[in-house]
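Here is the structure we will look at.
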Amino acid sequence: MFALAKKNGTGRDFVHLDVARLAAGMDLHLGLHIVTGAKPGPTLGILTTVHGDETMALMAVRRLLDGLDVAALSGRVAAIPVANPLALSAFNRQTPEQHGKTDLHEVFPGHPQGNLTQRIAGVITAHLLDHVDALIDIHCGGLGGRLQARADLDASAPAAVYQASLALCRAFNAGFVHANNLAGTAARYCNGRGVATANPEIGGVYLGPQAENDYLAETVAGLRSMMASLGMVAGAAAPTKKQLLFDFRSRFEANPSVGGFLQSHFASPADLGRRIDKGELLGEMVDPHSFKVVEEIRAPVSGYLFFSRYSGVVDAGTKAFALAEEATSKWL
């Protein structure tokens, strides 16, 4: 019997979902929080830390769940805050195992006889994804000081599911909505079941107390707004920010071709959303040995900055900056 299928009655529950016995002799399991309201309503699934270095979102979910009034809640919230415990413990994007297919974000619905990553996905699918009416899979900037603030949906979702997912993304109230290619993700799987999804990408890790607190507050407010749009809690669901919709064909990245110290010219959360002209200097790569500037990173198109990075050491090909092309994007 699956945990959500067994849950009856109002209140709060926490259960462990068994995945596998590890070679180290420990049992791998996932924690599932279930908050059931006193009123009927939809089941909202929430995932965080699909990537082990993207940890800010789990604290936002903690705040969200702590602040829910069960007596006023319609429906239930089911949240797995640490979707990949092995990646979390290594503070790494992917599962540290000896096989391919180690990015949990690319292996859904998983398989009970697969590698560890696929088994984790299979447990999440069986105990969460197969029982929800809407899914929010939250990501953030991880290791290396990435900055972002948007909500993604799968560009290939069926028309009715796409529109429902777009409404959910808009309710998050970020300045950007990205119709992305989400092949292999929990979102793609749920969309195939007719379930609306949103994948917020917001904040980061080790950003300092002011930025972190601002992002946490924004994330919790966005999640409550999404719940309001589903009729689960009272409150406004309409977006208050001007929002730009762009798809993966309008996404242009500017990444270094050499390793070194990236001196970012856009290292503040307030820089996200800024209009950038084609050719504008985004950052410089400094050789840490000779101190010489070895590369200038410039905007490939005119558009709006939706992804940036703090200054620091990066290697060739590391994601540094990304713009939504102005000519091919749409204001909502």
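Protection proxy ranking of 104-111, 87-94, by the mean of other Cβ atoms within 10 Å over each peptide's residues and highest first, is 104-111, 87-94. Neighbours of Ala90 by Cβ distance under 14 Å: Lys/Arg scored +1, Asp/Glu scored -1, total -3. In the full protein context, the chain carries 42 Å² of accessible surface per residue, based on a 1.4 Å probe and ignoring ligands, DNA and RNA. Taking every alpha-carbon pair under 8 Å whose residues sit at least 6 apart, the range 219-332 reaches a relative contact order of 32 percent.
With a sphere of radius 14 Å drawn around the Cβ of Ala236, what net charge do the other residues whose Cβ falls strictly inside it have (Lys, Arg +1; Asp, Glu -1)? Don't skip to the end; give the middle numbers.
Values: positive: Arg170, Arg224, Lys241; negative: none.
That works out to +3.
As an exercise, find the ratio Rg/Rh for the range 217-332 from alpha-carbon atoms, using the Kirkwood inverse-distance average for Rh.
Rounded to two decimals, Rg over Rh is 1.10.
Computed from the C-beta positions of His289 and Tyr206, the FRET efficiency with R₀ = 22 Å rounds to 0.30. Dipole size of the range 14-70 about its Cα centre, with +1 on Lys/Arg Cβ and -1 on Asp/Glu Cβ: approximately 140 debye, rounded to the nearest 20. The residue among Ser74, Leu182, Val313 whose Cα reaches farthest toward the positive pole of the charge dipole of the chain, with charges on the beta-carbon of Lys, Arg, Asp and Glu, is Ser74. The smallest convex shape that holds all Cα atoms of the chain, its convex hull, gives 136 Å³ per residue. Please say if the range 125-258 is rounded, prolate or oblate, where rounded means a/c under 1.5 for a ≥ b ≥ c the square roots of the C-alpha gyration tensor eigenvalues, and otherwise the choice is prolate for a/b larger than b/c and oblate otherwise? Oblate, because a/c is 1.5 or more while a/b does not exceed b/c. Residue ranges 227-239, 205-217, 141-153 sort as 141-153, 227-239, 205-217 when ordered by packing (mean number of other C-beta atoms within 10 Å per residue, highest first).
Calculated [222 nm] ellipticity per residue, helices only, for the chain: -6500 deg cm²/dmol; basis is -39500 (n - 2.57) per DSSP H run with n ≥ 4, divided by all residues, nearest 500.
In this rough spin-label picture, where each label sits 7 Å from Cα along the Cβ direction, the Arg193-Phe91 distance is 3.4 nm.
For the chain, with all protein chains present and a 1.4 Å probe, just round the carbon and sulfur fraction of the accessible area to a whole percent. It is 53 percent, rounded to a whole number. Given a Förster distance of 35 Å, report the FRET efficiency between Glu280 and Ala236 from their Cβ-Cβ distance, rounded to the nearest 0.05. Using R0 = 35 Å, I get an efficiency of 0.45. Over the range 78-177, the alpha carbon radius of gyration divided by the compact-protein estimate 2.2 N^0.38 Å works out to 1.18. Applying 1/(1 + (r/R0)^6) with R0 = 25 Å to the Cβ-Cβ distance of Ala160 and Phe248, what FRET efficiency is obtained, to the nearest 0.05? Computed FRET efficiency for Ala160 and Phe248: 0.75.
The values are calculated or read from the model by the stated rules, or taken from the named source; none is laboratory data. Everything numeric in this text was worked out from a predicted model, so none of it was measured. Note that we place each Cβ from the backbone using ideal geometry, even for glycine, and neighbour counts take in every protein chain shown. Ligands, DNA and RNA are stripped out before the accessible areas are found, and what is left, the full protein with its side chains, is counted by its heavy atoms. Shrake-Rupley method; radii C 1.70, N 1.55, O 1.52, S 1.80 Å.
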